[in-house]
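> Sharing a structure, written as structure tokens. Questions coming.
Values in this text are rule-based calculations from the coordinates and carry no lab data. Note that the structure is a prediction, hence the values are computed from the model and not measured. Here the Cβ positions follow ideal geometry from the backbone for every residue, glycine too, while neighbour counts run over all protein chains shown.
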Amino acid sequence: MKLVKCFRGTGKRSQLQNKEIELKKAAAKGRLNRRLKRSSHNGNDKSNTDNLVKAIAGVSVAPQQGHPNTSKGAKRREKRAQQEAAREQRIQEEQSSIMSDRMIEGEKFERKLKPLGFTIKEIKPDGHCLYRAVEDQLSLQSGGSSPYAYQELREMAAAYMRKHASDFLPFFLSENAIDGDSDDSPAEKFEDYCKEVESTAAWGGQLELGALTHCLRKHIMIYSGSFPDVEMGKEYKSDGGSSSSTGTIRLSYHKHAFGLGEHYNSV
């Protein structure tokens, strides 16, 4: 009898111990589930915050699809395309600026010349424009053809500058820097310049006009829309201030007419 009781008591204790173990397992499992939920919640908050920052910055928050890395060749092509686009933009900006400056210059010419009853005659922009404009003025004054073609005017200007080199050399040196490594003297450089005047399409300027005003014994007026007007050969005007019987040569100087540079027209 005692042995039976002993076995019964042992069975009860075993059941209690098993129940206690089950309760402890359940409690531990509950704590683990709560921790997992908190961890998942915090991770979602961080993910949501990151997505919000990306959205504000304008970055896509769509899931990555695992695209392969861009090849070096594709990167080079993309870089060239960007450089080409930037170059085209600069060209358009420069063209817009040239057009704007040209329009402003044209408006200034109109305000200046219209009250005087003058208009501008376009001259071919080929490097000979100064001499062609003078030729056109001589034709206008003679009522027919000019006594000198533009090439003859070039040769006349070069010959006069050579003959009066001491008058022109200081102005030539002030406008043309002499290369320190060159063995040519200033006089030799000036002679090379005169050769260009008479035998090439080199553009002319005030040096050549200064020579022509004496060669032709003409009073010359150069109107400008960007700078003050220039008057040359005043000694060839009559005492009354008006042009002498030989007439005044009237030219217009354009700084923005063409992208290549300066230009002269006939007035």
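> Arrange the following residues from fewest to most other Cβ atoms within 10 Å of their Cβ: 107, 152.
By the 10 Å Cβ count, ascending: 107, 152.
> Quick check: pseudo-label points 7 Å beyond the Cα along Cα→Cβ at residue 162 and residue 145, how many nm apart are they?
Reported label-point gap for residue 162 and residue 145 is 2.6 nm.
> In this model, which of 124/195; 121/189; 112/195; 124/237; 121/163 are farther than 26 Å apart at the alpha-carbon?
With Cα atoms farther than 26 Å apart: 121/189; 112/195; 124/237; 121/163.
> Something else: If you take the beta carbon distance between residue 118 and residue 82 as r and set R0 to 41 Å, what does 1/(1 + (r/R0)^6) give as a FRET efficiency, to the nearest 0.05? Intermediate results must be reported in sequence, preceding the final value.
Working: r = 50 Å, r/R0 = 1.21.
For residue 118 and residue 82, the calculated efficiency is 0.25.
> Here is a follow-up. At a Förster distance of 25 Å, what's the computed FRET efficiency of residue 89 paired with residue 258, Cβ-Cβ distance as r, to 0.05?
Step by step, r from the Cβ atoms, then E = 0.70.
> Among 160-167, 129-136, how do they line up by average Cβ neighbours within 10 Å per residue, starting with the highest?
Ranking, from highest mean packing down: 129-136, 160-167.
> For the stretch 127-170 and the stretch 201-222, what is the centre-to-centre distance using only Cα atoms, to the nearest Å?
6
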